[in-house]
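Visitor: Quick one: this structure, given as structure tokens, is what I'll be asking you about.
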Amino acid sequence: GPVLAVAAAPAVCYSGGGDGTLRAWELPELKPLRTFESKEGGHPVQAVVVVAGLVVSGSATGALRVHGGCHEVQPPEPEPELELGACRCNCAIS
């Protein structure tokens, strides 16, 4: 499917796809590292950002997911899911 969002961290690029997956790619060769499967039935990933060692993706349903990322030495913690507006604000990531 189409790539809808891209974010970069040291030596890793993340892409959010129309098929609902978040993919990690090793830079500069763009070698596939990991695929984060959607728990929402394949809704497109429309936003990706890397902040403080975490990768956050936003889907077309308004759900946010926090991922450990591939650029960390330690394995990621379980991925919590957050709902848009759960904090009673109009939050958005870009």
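Visitor: Can you tell me how many residues in the stretch 20-32 are closer than 17 Å to Val56 by Cα and open to solvent by 60 Å² or more (accessible area, probe 1.4 Å)? Please lay out each step first, then the result.
Guide: Kept after step one, since they are closer than 17 Å to Val56 by Cα, are these residues of the stretch 20-32: 20-25.
Add one more test, that the residue is open to solvent by 60 Å² or more (accessible area, probe 1.4 Å), and what stays is 23, 25.
Number satisfying all stated conditions: 2.
Visitor: Please work out which one of (1) on the phi > 0 side of the Ramachandran plot; (2) open to solvent by less than 80 Å² (accessible area, probe 1.4 Å); (3) modelled with pLDDT under 80 is the condition Cys89 fails and give its number.
Guide: Of everything listed in (1) on the phi > 0 side of the Ramachandran plot; (2) open to solvent by less than 80 Å² (accessible area, probe 1.4 Å); (3) modelled with pLDDT under 80, Cys89 misses just condition (1).
Visitor: Right, here's the next one. So, in the stretch 41-80, how many residues would count as being over 14 Å from Ala24 (Cβ atoms), at pLDDT below 90 and open to solvent by 80 Å² or more (accessible area, probe 1.4 Å)?
Guide: 6
Visitor: Hey, another quick one. Which residue pairs have Cβ atoms closer than 6 Å, lie 6 or more positions apart in sequence or on different chains, and pair a first residue in the stretch 21-40 that is closer than 16 Å to Ala8 by Cα with a second residue that is of a type in the set (Phe, Trp, Tyr)?
Guide: Taking only residues 6 or more apart or on different chains, the pairs are Leu22/Phe36; Ala24/Tyr14.
Visitor: Here is a follow-up. Could you run through the stretch 3-19 and say how many residues are surrounded by 15 or more Cβ atoms within 10 Å (Cβ to Cβ) and out of contact with any Cys (no Cβ under 7 Å at 6 or more places or on another chain)? Steps first, answer last, please.
Guide: From the stretch 3-19, those surrounded by 15 or more Cβ atoms within 10 Å (Cβ to Cβ) are 4-5, 7, 9, 12-19; that's our starting set.
Within this subset, residues satisfying the condition of being out of contact with any Cys (no Cβ under 7 Å at 6 or more places or on another chain) are 4-5, 7, 9, 13-19.
Matching residues across the stretch 3-19 total 11.
The values are calculated or read from the model by the stated rules, or taken from the named source; none is laboratory data. Please read all numbers here as calculations on a predicted model, not as lab measurements. Because the Cβ atoms are built from the backbone with ideal geometry, glycine has one as well, and the counts that use them run over all protein chains shown. Protein only, heavy atoms only, side chains kept; ligands, DNA and RNA dropped before computing areas. Shrake-Rupley method; radii C 1.70, N 1.55, O 1.52, S 1.80 Å.
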